[in-house]
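What follows is a single structure, written as structure tokens, with notes after it.
The values are calculated or read from the model by the stated rules, or taken from the named source; none is laboratory data. Computed from a predicted model, the values in this text were never measured in an experiment. Every residue, glycine as well, gets a Cβ built from its backbone with ideal geometry; the counts of neighbours run over all protein chains shown.
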Amino acid sequence: MADWHFEIVEELPPSWPPSPPVVLGGSPPDLFVLARSGDAAHRFDLSYRGEDYRCEPKAVFWRGWFAFGFGGRAILWREGATHEIDLGCYFSEFLPGDDWLLVTSGQGIVRLAPDGGIVWRNDELGVDGVLIFDVEGDVIDGQGEWDPPGGWEEFLVSLETGEQLEELPDNEDQDA
């Protein structure tokens, strides 16, 4: 698997090698994502929508996808395919697993499959921030901010279904 390194800038450096960009989200670009892996290089031009909150943009490479989170959306791209996910709120983080990519926003979590499709989404985890602390087995452990500033409440969410759990699943079948 390629080890890609990303630099996100507002102005294209003169030293960047000339190559046709991948334009995502419209034009003109507001951000340039410069991706390098060894001698390979890609340039991605990203554009905010007018209503986007301009939080910190992020990029990851996962299962053959270049994934970008910025404004109120996440965009996955690989040669021949693009998936754009409207988050309904500002983008926050990516959390990659072997068979899933979790995308957090100010209100919830979206779980993506290896083909880039949405497996589930839960937009009922906060109103101004969602943090994931751990994913263990089928349980996502995190907090959502419901009463800003500082009104954080813990949550447990099923990795399989996206449904909120009242308590940890019973592990009676497993020997301790």
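In table form, for the structure just shown:
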item	result
Hits in the range 3-41 (condition: within 19 Å of the chain's Cα centre (by Cα) and farther than 30 Å from ASP128 by Cβ)	ASP3, TRP4, HIS5, VAL22, VAL23, LEU34, ALA35
Residue in the range 99-107 that is crowded, with 21+ Cβ neighbours inside 10 Å, in a loop (DSSP other than H, G, I, E, B), of a type outside the set (A, V, I, L, M, F, W, C) and without any contact (Cβ under 8 Å) to a residue 60 or more places away in the chain present	yes
Test result for ARG54, basic (Lys, Arg), part of a loop (DSSP other than H, G, I, E, B) and more than 11 Å from the chain's Cα centre (by Cα)	yes
Residues (touching a strand residue (DSSP E or B) at 6+ places or on another chain (Cβ under 6 Å) and part of a loop (DSSP other than H, G, I, E, B)) located in the range 25-51	GLY25, PRO29
Residue list for the range 1-40, filter: surrounded by 14 or more Cβ atoms within 10 Å (Cβ to Cβ), charged (D, E, K, R) and within 12 Å of PRO57 (Cβ to Cβ)	ASP30
Some residue of the range 62-73 being surrounded by fewer than 16 Cβ atoms within 10 Å (Cβ to Cβ), assigned to a loop (DSSP other than H, G, I, E, B), modelled with pLDDT of 95 or more and touching a Lys or Arg at 6+ places or on another chain (Cβ under 9 Å)	yes
Pairs, first under 13 Å from GLU7 (Cβ atoms) in the range 18-42, second assigned to a loop (DSSP other than H, G, I, E, B) and of a type in the set (Phe, Trp, Tyr), C-beta under 9 Å, six or more apart	LEU31/TYR48; PHE32/TRP16; LEU34/TRP16; ALA35/TRP4; ARG36/TRP4; SER37/TRP4; ALA41/TRP16; HIS42/TRP4
Selected residue [surrounded by fewer than 21 Cβ atoms within 10 Å (Cβ to Cβ), under 24 Å from LEU31 (Cβ atoms) and either modelled with pLDDT of 95 or more or of a type outside the set (A, V, I, L, M) (or both)] from ASP123, ASP52	ASP52
One residue from GLY64, GLY126, GLY116 being over 30 Å from SER19 (Cβ atoms) and small (Gly, Ala, Ser)	GLY126
Residues being surrounded by 13 or more Cβ atoms within 10 Å (Cβ to Cβ) and in contact (Cβ under 8 Å) with a residue 12 or more places away in the chain - total across the range 139-159	14
Restricting the range 75-98 to residues that are out of contact with any Gly (no Cβ under 8 Å at 6 or more places or on another chain) and within 25 Å of ASP141 (Cα to Cα), the residue that is surrounded by the most Cβ atoms within 10 Å (Cβ to Cβ)	ILE85
